[in-house]
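Step one of this worksheet: look at the structure below.
The values are calculated or read from the model by the stated rules, or taken from the named source; none is laboratory data. This structure is a prediction, so every number in the text was calculated from the model and none was measured. As a convention, Cβ positions derive from the backbone with ideal geometry for all residues, glycine included, and neighbour counts pool all protein chains shown.
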Amino acid sequence: MSETAVHVGSGKVRELYALDEERLLLVASDRISTFDVVLPTPIPDKGRVLTGLSAFWFARTRDLVPNHMLALRDDGRSLECRRLEMLPVEVVVRGYLAGSGWKDYGATGTVCGHRLPDGLRESDRLPEPIVTPATKATTGHDLNIDEEEAARICGEERYLAAREAALGVYRFGEAHAAARGIIVADTKFELGVDADGAIVLADEVITPDSSRFWPADSYEPGRAQPSYDKQFVRDWCETTGWDKTAPGPELPDAIVSGTSARYIEAFEQLTEIPFDEYVSDPRIVIA
Ligand code: PZK
């Protein structure tokens, strides 16, 4: 009598199961979303790349911030985690000016309450990383809020602990990635609280799905940057006349294999572990 996993939630590209009162199983699929739509064609190995990267960062930042990882399963795509009380806000750390941050800066000179210097260009590196929380409350899109609002929602002490944890892990990951040719422009963290009231890093960490990864070798501020992982998919979708509503188009084989190779390349650049070794023995990323 063991291992009866009860399905408790679905994300766009992931599934969540309860193992017992204290443990959850987070399973990353090979589904891919673009322009907010999940496409019908899977990307082989994408789920294993994302789970392997999360486990890699969890192992390397565990002395900086406690995290929810308990075990990485043999399939390389399933992570057993501690069940936490989740904070009702996501904590986004931005080191570069992109996406909604760039839009808000253009309109107001601020991003989620942070006044930024004048004259910044799209994709510029910020003088220092900023924290821009968002609520998970709404269906579909996250709603950006300022840090004062996040502190009201979470409780000030909890929010301040969560923001310091997020900043610390971002700074570590950004520096590690930059030294290996990948810019982590921004990344979204989900945190929880354990039975002792300690802040714990949860969900997935510094993956291409939770972050903007840019290739450092073609970085050029003053324009939007190509996505490290999804640019082939986006570019091909733009050639089809698809109106970006569901259902999305089936991807051609060359786009699927090129995208799969790009995910694997990100894994290998960041971890310095050959992906086939990960597939043979996933626990090498946490050794
Ligand atoms: C938790 N989600 C997001 C939803 C997914 C993921 N350690 C934890 N303890 C309690 N709850 C969660 C976690 C984590 N991580 C995560 N929702 C709850 C989510 C749907 C599918 F794969």
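Given the conditions (1) basic (Lys, Arg); (2) more than 16 Å from the ligand (Cβ to nearest atom); (3) outside any strand (DSSP E or B), report the number of the one that Arg158 does not fulfil.
The one condition Arg158 does not meet is (2).
Cβ-Cβ distance below 9 Å, separation of 6 or more or different chains: which pairs start in segment 179-207 with a residue that is free of Cβ contacts under 8 Å to residues at least 40 places away in the same chain and end on one that is among the acidic types (Asp, Glu) and near the ligand (Cβ under 10 Å from one of its atoms)?
From segment 179-207, the pairs are Ala195/Glu85.
Which condition does Arg60 not pass, out of (1) surrounded by 16 or more Cβ atoms within 10 Å (Cβ to Cβ); (2) more than 30 Å from Asn144 (Cβ to Cβ); (3) of a type in the set (Lys, Arg); (4) more than 10 Å from the ligand (Cβ to nearest atom), if it passes all the others?
(2)
With Leu24, Leu53, Leu39 as the choices, which residue is within 12 Å of the ligand (Cβ to nearest atom) and either within 17 Å of the chain's Cα centre (by Cα) or surrounded by fewer than 24 Cβ atoms within 10 Å (Cβ to Cβ) (or both)?
Only one candidate qualifies: Leu24.
Does at least one position in segment 233-247 carry a residue that is of a type outside the set (A, V, I, L, M, F, W, C) and buried (at least 21 other Cβ atoms within 10 Å of the Cβ)?
no
With a cut-off of at least 1 residues that are without any contact (Cβ under 8 Å) to a residue 60 or more places away in the chain, within 13 Å of the ligand (Cβ to nearest atom) and in contact with an Asp or Glu (Cβ under 8 Å, 6 or more places away or on another chain), name the strands (runs of 3 or more DSSP E) lying wholly within segment 66-114.
Of the strands (runs of 3 or more DSSP E) lying wholly inside segment 66-114, those with at least 1 residues that are without any contact (Cβ under 8 Å) to a residue 60 or more places away in the chain, within 13 Å of the ligand (Cβ to nearest atom) and in contact with an Asp or Glu (Cβ under 8 Å, 6 or more places away or on another chain) span 69-72.
Just checking, does segment 221-228 include any residue being more than 26 Å from Thr51 (Cα to Cα), touching a helix residue (DSSP H, G or I) at 6+ places or on another chain (Cβ under 9 Å), at pLDDT 95 or above and more than 16 Å from the ligand (Cβ to nearest atom)?
yes
Can you find a residue in segment 123-135 that is of a type in the set (D, E, K, R) and closer than 15 Å to Pro88 by Cα?
No: zero hits.
Does segment 11-21 hold any residues that are near the ligand (Cβ under 9 Å from one of its atoms) and not in a strand (DSSP E or B), and which are they?
Gly11, Lys12, Val13
So, Asp124, is that one surrounded by 12 or more Cβ atoms within 10 Å (Cβ to Cβ) and modelled with pLDDT under 95 or not?
no
Which residue pairs have Cβ atoms under 8 Å apart, sit 6 or more places apart or on different chains, and have a first residue in segment 266-287 that is at positive phi and a second that is crowded, with 16+ Cβ neighbours inside 10 Å and assigned to a helix (DSSP H, G or I)?
Pairs found: none.
Go through the residues of segment 204-214 one by one and say whether even a single one is outside any loop (DSSP other than H, G, I, E, B), more than 16 Å from the ligand (Cβ to nearest atom) and surrounded by fewer than 12 Cβ atoms within 10 Å (Cβ to Cβ).
no
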